[in-house]
1. Within segment 237-245, is there a residue that is away from the ligand (no atom under 16 Å from the Cβ) and polar (S, T, N, Q)?
2. Do we have any residue at all in segment 259-280 that's open to solvent by 40 Å² or more (accessible area, probe 1.4 Å), closer than 19 Å to H129 by Cα, without any contact (Cβ under 8 Å) to a residue 40 or more places away in the chain and not in a helix (DSSP H, G or I)?
3. Could you please find all residues in segment 337-349 being within 11 Å of the ligand (Cβ to nearest atom), more than 13 Å from the chain's Cα centre (by Cα) and assigned to a loop (DSSP other than H, G, I, E, B)?
4. Do we have any residue at all in segment 197-206 that's surrounded by fewer than 18 Cβ atoms within 10 Å (Cβ to Cβ), under 19 Å from N333 (Cα atoms) and without any contact (Cβ under 8 Å) to a residue 24 or more places away in the chain?
5. Which one of the conditions (1) modelled with pLDDT of 95 or more; (2) surrounded by fewer than 13 Cβ atoms within 10 Å (Cβ to Cβ) does R99 fail to meet, given that it meets all the rest?
6. Just the residues that are open to solvent by less than 10 Å² (accessible area, probe 1.4 Å) and under 16 Å from N172 (Cα atoms), please, taken from segment 240-258.
7. I want to confirm something. Restricting to segment 320-365 and keeping residues that are closer than 22 Å to R377 by Cα and aromatic (F, W, Y), which single residue is most open to solvent (accessible area, probe 1.4 Å)?
Amino acid sequence: MRSFASFVLLAVLASPVLAQTPTVSLLIDNGFPSSGTLSIRSVLNSVATRKGQTFHFGSTWDTSYSSAEASWMTNVYNTFFNHMVAENGCKWSATEPTRGVSSLTQCLGVQSYAVARNASFRGHNTFWHEQLPSWLPGSVTASDLVTNVIPQHVQQEIQGMGAGVTSWDVVNEIVGDGVSNGMCVQNKNDWPTKTADGSGTNLVTDLSFLHAAFTAALQYAPSTTRFSVNDYNTSGNDAKTACMFALLADINANSAVPYNRLAVGFQSHITAAPGQFTAKSDLANTFAKLAALGATGMITEMDVKLSDTSSASERYQAAIWGDYIDACLYASNCFEFINWDPRDDLSWLGASGAGTLFDTNGNPKPAAYEVAARLQRYASGATELCATALGTSQCTVPAGSGSSTSTGSTTSASTSTSSATTTTTPTGPTGCASPMWGQCGGIGWAGCTGCSSGTCQVANAYYSQCL
Ligand code: 9MR
């Protein structure tokens with residue numbers, strides 16, 4: 001028999017592990033598929049019906065993929081994703097390798113891939129402190145940079161890529177992690193770039209580089225394109241997020257970009273550990289604050305790094321992904337959700353980070369099924385779930401939660417507790433009709449069972465759709 005002392009020692013040793021990985025409750029435990037083929041393209045159409053505009057759900061694509069990887073990607077795009085971003089092909093080093101010479105081959109190549117797969121495309125990015133062309137750092141003066149180099153680059157890229165771009169990351173990673181020179185803008189690696197006259201810091205202080213970039217974007221982009229400030233750690237309730245809001249106000253005032261064209265991209269490179277991601281309630285608040293301005297928020301680079309691939313860790317990853325996609329789905333102003341890299345072995349984190357929706361063999365992980373379930377549940381008209389990443393002590397997903405009417409199953413975006421209260425399948429009303437692409441049946445569906453256009457076709461036990 002173990003002594004009390006050894007029991008205490010074991011408990012102390014074990015507790016950090018337990019604290020890292022809460023037990024979570026998921027939709028895939030409660031009636032939604034957790035195996036088999038994932039097919040959600042039609043669900044995304046129904047999400048769009050509820051949202052009132054297209055919902056773009058996608059991943060990165062890189063022109064360096066092998067033919068086997070590209071062929072796998074094609075299958076995933078046929079069934080799962082409907083949106084695409086170039087992982088590297090639209091960055092400054094690729095698009096203007098020689099000053100004044102526009103080279104959009106890679107960027108256009110990824111856009112064509114998207115179009116060929118019936119997917120939409122977003123632009124990443126016109127301006128960043130990394131992946132700069134070799135001619136740029138140190139070769140130009142500050143005034144040349146602001147007056148010519150930046151606006152000309154933004155113009156040639158945004159104008160050259162044309163109308164088929166949902167949103168452009170006009171600037172990437174400029175929001176400060178701290179305050180320096182009285183400004184909260186990032187001065188990473190002599191941001192925005194070293195200048196020949198050594199005045200890089202002045203550029204940051206007066207934000208003229210930022211105004212030049214957004215003014216050019218507004219001038220040369222089609223009226224449907226949104227312009228984002230894309231960054232990490234700007235979705236919470238903290239100083240960096242406050243800086244991001246200050247920056248938006250500055251861009252709105254000084255580049256005359258209306259708020260309804262402005263967006264914030266929440267990169268969301270996060271880790272599956274308590275405190276290492278934004279709580280769902282904070283995400284919801286940040287989306288709501290942007291909505292109050294008339295601006296949009298989007299999840300632009302989501303991955304959730306794991307320290308191991310145990311079932312508990314993968315379930316935690318699924319719960320976190322579920323919270324993020326729910327926060328976006330239930331926000332009135334979130335229409336784009338990009339997963340950064342399609343599968344673990346293609347991830348910038350490396351396969352060992354296990355940070356994507358699909359494993360190294362290309363098989364969907366629990367997070368992929370959970371995300372599909374969240375999309376399906378939202379499309380069915382259901383109200384929002386509690387925050388699953390907080391663990392079962394805070395949030396228990398209701399059994400049979402495909403039901404949009406189960407009492408107490410759903411509450412607010414915050415940390416409310418919910419429990420299973422119904423397992424019955426409501427009968428849909430008759431005498432009304434769903435539109436084309438709309439849901440018309442499935443377990444838990446309480447809406448119309450007829451179609452005003454098309455016929456009601458069974459996609460799976462949980463989802464029938466007017467097609
Ligand atoms: O995934 C990208 C990787 O292939 C590049 O080598 C890297 C260069 O710094 O950039 C990665 O993508 C980054 C994105 O463009 C901006 N946010 C952080 C991403 C991950 O580093």
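The values are calculated or read from the model by the stated rules, or taken from the named source; none is laboratory data. Note that the structure is a prediction, hence the values are computed from the model and not measured. Virtual Cβ from ideal backbone geometry, glycine too; neighbours counted across all protein chains shown. Note: areas computed on protein heavy atoms with side chains; ligands, DNA, RNA excluded. Shrake-Rupley method; radii C 1.70, N 1.55, O 1.52, S 1.80 Å.
1. Within segment 237-245, one or more residues are away from the ligand (no atom under 16 Å from the Cβ) and polar (S, T, N, Q).
2. no
3. Once the filter is applied, which keeps residues that are within 11 Å of the ligand (Cβ to nearest atom), more than 13 Å from the chain's Cα centre (by Cα) and assigned to a loop (DSSP other than H, G, I, E, B), segment 337-349 yields S347, W348, L349.
4. No, every residue in segment 197-206 fails to be surrounded by fewer than 18 Cβ atoms within 10 Å (Cβ to Cβ), under 19 Å from N333 (Cα atoms) and without any contact (Cβ under 8 Å) to a residue 24 or more places away in the chain.
5. Among (1) modelled with pLDDT of 95 or more; (2) surrounded by fewer than 13 Cβ atoms within 10 Å (Cβ to Cβ), the lone unmet condition for R99 is (2).
6. Listed by number, the residues that qualify are T241, C243, M244, L247, L248, I251.
7. The residue in question is Y330.
Conditions (1) of a type in the set (A, V, I, L, M); (2) open to solvent by 30 Å² or more (accessible area, probe 1.4 Å); (3) farther than 15 Å from R117 by Cα, marked per residue:
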site	(1), (2), (3)
R41	no, yes, no
L44	yes, no, no
V47	yes, no, yes
Q53	no, yes, yes
S59	no, no, no
S64	no, yes, yes
M73	yes, no, no
V76	yes, no, no
T79	no, yes, no
